[in-house]
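First comes the structure, then the notes that go with it.
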Amino acid sequence: MISDPAPHRAVRQPRTASVAPLSGATPPARRSLLRAALTGTAVLGAGLAVGVAPAAAAPPTAAARKRPTTAEEALRELAAGNRRWSTFRERHPDESPAVRQSLTTAQHPFALLLGCIDSRVPPELVFDQGLGDLMTVRSAGQVLDEAVLGSLAYGVLELGIPLLMVLGHQSCGAVKATVQADESGEELPAHIQYLADQISPAIDRSQEGDARIDATIDANIRLIRSRLAAEPDLAAKVDSGALAIVGARYELTTQRVHRIG
């Protein structure tokens, strides 16, 4: 259930590290091409699918499903889907042939998820959603870089998605590796050290052992959320009421999602 967390440990808020704003505006012609390509409105030539025979007749029109249009509605839909998932009552919506056909010309996702790469936390399953419902961006520990920021900005600015959720999870390996390397002074391999450098400002040094790792998971979610809220383009959408940015955490032991401050 996505709900405000019950009071528990006090997590010291780390100083928010600055994240470079997204680069300047894209020329109109390039923006139009980008929008067409990423929304799926560009028409693909016939015969590109290997070994697939053409359909004898066009599939029926997709049955209408009321889609969330506000952040509040999106949160309610995600909460309902997570309840189904955690109680083994999944509906697997929006997977029919009609829906698949409708998505060849456009997409209208109602929520944007920044999650971890962990194979145990796929957002579409955790929230029991289907094709075209969620736009997801995943990086280890939800770490931000220019590619992640650009992808998130696209979902908000070009597709008008009203909800951006930073989804962390219990037993995050990226956070655990960061905390352990910080304590041992060990340098992590190659690009993994970059991840640790981004996560380390969230380390909760008021805790020890496993409690430090667990507290840092929550602190990292809050830090990433605050960094996103400081991005000028996203902040303008928040200020206008067109966007909500929230933090949440998935518990592997219960399969439930709850809000993080």
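Under 19 Å from A177 (Cα atoms) and hydrophobic (A, V, I, L, M, F, W, C) - does that describe any residue in the range 223-233?
Yes, there is a match, as at least one residue in the range 223-233 is under 19 Å from A177 (Cα atoms) and hydrophobic (A, V, I, L, M, F, W, C).
With the requirement that a residue be open to solvent by less than 10 Å² (accessible area, probe 1.4 Å) and either without any contact (Cβ under 8 Å) to a residue 12 or more places away in the chain or not hydrophobic (A, V, I, L, M, F, W, C) (or both), what does the range 140-156 give you?
G141, Q142, G155
Can you find, within the range 229-258, the residue that is nearest to the chain's Cα centre (by Cα) among those that are assigned to a loop (DSSP other than H, G, I, E, B) and polar (S, T, N, Q)?
Looking at residues that are assigned to a loop (DSSP other than H, G, I, E, B) and polar (S, T, N, Q), I get Q255.
For the range 195-204, which positions are in contact (Cβ under 8 Å) with a residue 24 or more places away in the chain and either open to solvent by 80 Å² or more (accessible area, probe 1.4 Å) or in a loop (DSSP other than H, G, I, E, B) (or both)?
I203, D204
Inspect the range 168-179 for any residue being within 15 Å of L113 (Cβ to Cβ) and open to solvent by less than 50 Å² (accessible area, probe 1.4 Å) and give the result as yes or no.
yes
Within the range 208-228, can one find any residue that is at pLDDT 95 or above, more than 23 Å from T70 (Cβ to Cβ), within 16 Å of the chain's Cα centre (by Cα) and open to solvent by 30 Å² or more (accessible area, probe 1.4 Å)?
Checked the range 208-228: at least one residue is at pLDDT 95 or above, more than 23 Å from T70 (Cβ to Cβ), within 16 Å of the chain's Cα centre (by Cα) and open to solvent by 30 Å² or more (accessible area, probe 1.4 Å).
If L159 passes every condition in (1) open to solvent by 10 Å² or more (accessible area, probe 1.4 Å); (2) under 19 Å from I2 (Cβ atoms) but one, which one does it miss?
Looking at each condition in turn, L159 falls short on (2).
Identify all residues within the range 115-130 that are outside any helix (DSSP H, G or I), among the β-branched types (V, I, T) and surrounded by 19 or more Cβ atoms within 10 Å (Cβ to Cβ); write none if there are none.
Of everything in the range 115-130, just one residue is outside any helix (DSSP H, G or I), among the β-branched types (V, I, T) and surrounded by 19 or more Cβ atoms within 10 Å (Cβ to Cβ), namely V121.
Within the set of pairs 6 or more residues apart or between chains, which connect a residue that is within 13 Å of A219 (Cβ to Cβ) and in a helix (DSSP H, G or I) inside the range 172-186 to a residue that is aliphatic (A, V, I, L, M) and open to solvent by 20 Å² or more (accessible area, probe 1.4 Å) with Cβ atoms less than 8 Å apart?
Matching pairs, first to second residue: V175/I213; T178/L195; V179/I213.
Every residue, every condition in (1) without any contact (Cβ under 8 Å) to a residue 40 or more places away in the chain; (2) farther than 16 Å from L163 by Cα; (3) exposed (fewer than 15 other Cβ atoms within 10 Å of the Cβ), yes or no:
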{"position": "S86", "(1), (2), (3)": "no, yes, no"}
{"position": "S96", "(1), (2), (3)": "yes, yes, no"}
{"position": "T104", "(1), (2), (3)": "no, yes, yes"}
{"position": "L113", "(1), (2), (3)": "no, no, no"}
{"position": "G132", "(1), (2), (3)": "yes, no, no"}
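The values are calculated or read from the model by the stated rules, or taken from the named source; none is laboratory data. Please read all numbers here as calculations on a predicted model, not as lab measurements. Ideal geometry is used to build each Cβ from the backbone, glycine not excepted, and the neighbour counts take in all protein chains shown. Surface areas here come from the heavy atoms of the whole protein model, side chains and all, with no ligands, DNA or RNA. Shrake-Rupley method; radii C 1.70, N 1.55, O 1.52, S 1.80 Å.
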